[in-house]
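I have placed the structure first, in the form of C-alpha cells, so that the comments after it can refer back to it.
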Amino acid sequence: MAPTSQRRPRLLAAGVAALSVVVSLLAAPGVAAAPSGTASDSAVAGAASRSTTAAAAQAAACGDGADALVTGSQSSGFTTTYRGRTVYQGEYYVTAIWEGIGALTPGRTSQEKVSVMASAWIGNNTIDLPSNTAFEVCGTMDVGNVSGRGAIQAVGVRNVSIPNLNMTGAPYFGMRFADVHGLHLGQINLRMSGGLGIRFERDLPGSTDVRMDNVYVSGTGNHGVETWNVDGLRIGTVTARNVAYAGLLLNNTRNATIGTVDGENVGTGTGYATFRMANTNGPGITVDRVRSRGGARGVFCVSNSRGARINNVDLANNGNNSILIENCSDITIGGGTVNGGGEVRLAARSEFPNNRNINITLRVDNTSVRESPCGENTNWYLSGNGSRNIC
C-alpha cells in the first residue's frame, strides 16, 4: 500500500543532505562562544574547538557501518539495500525507509543499523523503530503530522539508538518514546516549523536508561524536549531556539544528569521556561548549567518537584520570572548570575506543600528577589544590586 500523502508541493532538493551537515555543524550545540564573563577566552576557544571537532567527526561517521542504506532523491527515485542486496527501488521515500527497517534480521539480539542518506518528505506517516535497531538520517527528513504520534517513535522496545538525525517540518511529535529501555540519541538537529520536538509519553509505561548527547531544537509550537516517567536520564546539551513553550521540561523524571540547557526566546509570553521541572519531578536531578536569554522564565520548579541541584545559571532579560521556585523541596542553585528581566521568586500555592530546603547562591543585578510566602529552611547567599524582599 502506498504511504499516505506521498506527494507534496514543496520537495527538498537533492543537495539538501550535504548542506544540512554543514548547517548542523555551524549550529551544533556547544559550538557558539559563551557569553562574555562566563569563561576565559582561551577556555571558550578550546571548548568550542573540541566541540566542533567532535561534531565534525560524528557527521563524517554518519552512514558508517550501516546494514541497510537508503539512497537516491525525489527526482531519481530511492533505493534501499541490505548488506549489498537491493530490497526496494521506487518513488516513495518513506517506503524505502520502512523496507530498510523491515530487511533487518528478525528476532535479532544485537543492533543492526539503517542509515538514510537521502533527503525528502515522509508524508503524514510514522517510522516505528523495533528493539535492537540503530536508525539515523544523514540527509534531511521533512515530516508531516499524524495526530498523537511521532514522525519517528519507539514504544515498548529495548536497545534503540538514533546516532544522527536532521529533521524539518511541523509534526505532532518529531520523536515520540514510551516504555523504551536503553535509548541513545546522539547528534539530533530538529529545525521545526511547529509541533513538539521530543516527547516521552505521560500515560504509557515509563522508560529507563535514556541518553541524549546533543539536541538542537528550534521553531516548535510546543516544547522542545519533554520527558515523563523516565528513570535514569543523561543529557549532554539541549539547545533551544525560538520554541513556543519549554526548552527542556522534566516531568516525573528521576536520576537525571544534565550538562547544559541553553535557551533563547523560549516560551515568550507564557509561563514556561528554558528549563522546567514539574509534576513531582525528581529526586536525583543534577544540571551543570542553565543559560537563558529573553523569552519567558529561565528556571522554573513547580508542583511538588524535589531533589535537584543546578550548579550554575546565566540568565538575562527573561520576560517572566528569571527564576521561579513554587512548591518544591530540596532544591539548590549553586551559583551564577541573573541580570535584568523578571524577578527571582519563591512562591507557593495552597494545593501543594510549601517550599522546603531551598538553597540559592546567586548574583542578582537590575532585578528583584522576592520570597512570598516564607518557605521552610530557605537559605539565600546573594550578591549584586538587586532589591530583596526575603524572609
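Readers should treat all values here as calculations from the given coordinates under stated rules, not as data from a laboratory. Keep in mind it's a predicted model, so treat the numbers as computed, not measured. Reconstructed Cβ throughout: ideal geometry from the backbone, glycine too, with neighbour counts over all protein chains shown.
Restricting segment 183-216 to residues that are outside any strand (DSSP E or B) and touching a Gly at 6+ places or on another chain (Cβ under 9 Å), the residue that is surrounded by the most Cβ atoms within 10 Å (Cβ to Cβ) is G195. Of all residues in segment 210-221, those that are over 13 Å from N164 (Cα atoms) and in contact (Cβ under 8 Å) with a residue 12 or more places away in the chain have Cβ atoms under 9 Å from Cβ atoms of residues that are among the aromatic types (F, W, Y) and buried (at least 19 other Cβ atoms within 10 Å of the Cβ), 6 or more apart or on another chain, in V210/F177; V210/F200; T220/Y245; G221/Y245. Tell me which residues, restricted to segment 108-126, are in a strand (DSSP E or B) and buried (at least 22 other Cβ atoms within 10 Å of the Cβ). Those that are in a strand (DSSP E or B) and buried (at least 22 other Cβ atoms within 10 Å of the Cβ): V114, S115, V116, A120, W121.
Please specify each residue of segment 109-151 satisfying the condition of being touching an Asp or Glu at 6+ places or on another chain (Cβ under 6 Å) and closer than 17 Å to N166 by Cα. Write out each step before concluding.
Within segment 109-151, the subset touching an Asp or Glu at 6+ places or on another chain (Cβ under 6 Å) is 112-113, 115, 121.
Listed by number, the residues that qualify are K113, S115, W121.
If you go through segment 276-306 one residue at a time, how many are in a strand (DSSP E or B) and of a type in the set (S, T, Y)? Explain how you work it out, then say what you get.
Step one: of segment 276-306, the residues in a strand (DSSP E or B) are 276-278, 285-293, 297-301, 306.
Okay, now just the ones that are also of a type in the set (S, T, Y), so 286, 292.
Result for segment 276-306: 2.
Within segment 355-380, the set of residues being under 30 Å from the mean Cα position of the chain (by Cα), surrounded by fewer than 18 Cβ atoms within 10 Å (Cβ to Cβ) and not charged (D, E, K, R) comprises N357, N359, T361. Would you say G139 is in a loop (DSSP other than H, G, I, E, B), in contact with a Pro (Cβ under 6 Å, 6 or more places away or on another chain), more than 25 Å from T253 (Cα to Cα) and in contact (Cβ under 8 Å) with a residue 60 or more places away in the chain? So G139 fails the test. Examine segment 283-293 for a residue that is closer than 19 Å to N366 by Cα and surrounded by fewer than 24 Cβ atoms within 10 Å (Cβ to Cβ), and state whether such a residue exists. Yes, that holds for at least one residue. Have a look at V160, V180, V155 and point out the one that is surrounded by fewer than 19 Cβ atoms within 10 Å (Cβ to Cβ) and not small (G, A, S). Among V160, V180, V155, only V155 is surrounded by fewer than 19 Cβ atoms within 10 Å (Cβ to Cβ) and not small (G, A, S).
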